[in-house]
Amino acid sequence: MPPPESSRPDAALRVGFLGFGEAAKTFAAGLRGRVGSMVAFANGPRSHPPYSAALRAEAERLGVRLVDTIAALAREADLVFSAVATPAARAVAEETAPVLGAGHTFVDVNAVPPDDKEAMARLMAARGARFVDAELMGAASLYGAAVPLYASGDGAAAFRDLAGPLGLNVTLVPGAAGAAAALKMIRSVVTKGMEALIVEAMFAAFRAGVPEAAFAAVTEPMDAVRFSDFARMCLTTDPVHSERRAQEMRSVAEVVRRLGVEPIMTDAARRRLEWSARFKLRPATGDQGFADYREVLRRYDELDTAARPQGEEP
Ligand SMILES: NC(=O)c1ccc[n+]([C@@H]2O[C@H](COP(=O)([O-])OP(=O)(O)OC[C@H]3O[C@@H](n4cnc5c(N)ncnc54)[C@H](OP(=O)(O)O)[C@@H]3O)[C@@H](O)[C@H]2O)c1
């Protein structure tokens, strides 16, 4: 995807990529011709110095020069992206920190837990470099360089101001490094949870001999509403209707089980709804639900805290 027309080149900016796979190449393609220079260093099982002729050719096509050491990359870049294999992310940050200084911003796009991002931020702070916990909220192959990037950490605001005009799509997440990583993981509860729900429902539908009809029954009502309206409705009506919905899920689980499918997600949904129902929370007026989903979350927070013995973990 080409960068938006409104993007402004920054001839003074020197960009470096640690790792030169799908994510780094996608950003390089978007930044090509819009920054002063781009270099990359990779040290994986396939891509490592001396680089293959094919990788060199690909780098050249993207306007990137491959360098042979992390130290060389640090000398030739101010904005350093780390987009390596996920398990290597922390070690790469540890290896890179000693060659960084006050002029550097280290942008870690690797999908690692908040603790790792916090540790990386401490390493960078000790060198006077800025750190950005940047999370790709989608596939680079799908969005190109405009893939939504959620960013937190001490370098996040400056990174947004720098990279936004170049066509990158940066959204600030309030808080220190780790906040964006936590947000990405919380989002996975929904994205991966929906996958598991859909698989369970559709497998039961297949066993019932109605996969196409069930697919339409599940997707068509969802296609007709905006997802944000649906999510708001779920939250604002949950206090009022969760008890009834939990009871229904007991029958649903029985049906699913009789079809020869273990009702894993169905049972989990019932347990979450029973958790809500236990609070017997009702709006001050009306019986349709709350006006604001944040009010529901605030009240659940109070009630859950009051119900839990002090210090007990969920
Ligand atoms: N691509 C996406 O859409 C996406 C979405 C969300 C998050 N991410 C995150 O972005 C990061 C990069 O993803 P990707 O899809 O670009 O992966 P990728 O295509 O596998 O590229 C990783 C690159 O890093 C190199 N590498 C591996 N270990 C290294 C090390 N120790 N030091 C230096 N370079 C090393 C790899 O070399 P080899 O070629 O030898 O393996 C490759 O060039 C991952 O941590 C992932 O969690 C990516």
For the charge dipole of the chain, defined by +1 on Lys and Arg C-beta atoms and -1 on Asp and Glu C-beta atoms about the Cα centroid, which residue among T86, V64, A134 has the Cα displaced farthest towards the positive pole? V64
What accessible area per residue, rounded to a whole number of Å², is obtained for the chain using a probe radius of 1.4 Å? 55
Under 15 Å from K192, Cα to Cα: aspartates and glutamates that are on another chain or at least 8 residues apart: E200
Counting pairwise Cα distances across the range 211-270, what percent come out greater than 16 angstrom? 61
Aspartates and glutamates near K117 by alpha-carbon distance under 14 Å, same-chain residues fewer than 8 away left out - which ones? E94, D108, D133, E135, D154
Starting from a Cα-only point model with no solvent, please compute log10 I(q)/I(0) by Debye for the range 134-223 at q = 0.15, 0.19, 0.25 1/Å. -0.70, -0.86, -1.15
For the chain, take the alpha-carbon Rg, divide it by the Kirkwood Rh, and send me Rg/Rh. 1.07
I'd like the accessible area for T171: 1.4 Å probe, protein heavy atoms, all chains in place, Å² to the nearest 10. 50
Could you please put D301, D133 in sequence from largest to smallest accessible area, using a 1.4 Å probe? D301, D133
Just need the relative contact order of the chain here, percent rounded to a whole number, with Cα pairs under 8 Å and 6+ apart. 13
Below 15 Å, Cα to Cα, which aspartates and glutamates can K280 reach? Residues fewer than 8 away in the same chain don't count. D238, E243, E295, D301, E302, D304
Membrane-span-like helices (DSSP H runs, Cα span along own axis at least 27 Å, mean Kyte-Doolittle at least -0.5) in the chain -> 179-207
Where both residues lie in the chain, what percent of DSSP beta bridges are antiparallel, nearest 5? 15
On the accessible surface of the range 98-186, probed at 1.4 Å, how many percent belong to carbon and sulfur atoms? 60
Quickly estimate the mean residue ellipticity at 222 nm for the chain, helices only: each DSSP H run with n ≥ 4 gives -39500 (n - 2.57), and the total goes over all residues, rounded to 500. -16500 deg cm²/dmol
Order by accessible surface, 1.4 Å probe, largest leading, for residues R257, R34 comes to R257, R34
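The values are calculated or read from the model by the stated rules, or taken from the named source; none is laboratory data. These figures come from a predicted structure and were not determined experimentally. Cβ: placed from backbone, ideal geometry, glycine included. Neighbour counts: every protein chain shown. Remember, those area values only see protein heavy atoms, side chains included, never the ligands or the DNA or RNA. Shrake-Rupley method; radii C 1.70, N 1.55, O 1.52, S 1.80 Å.
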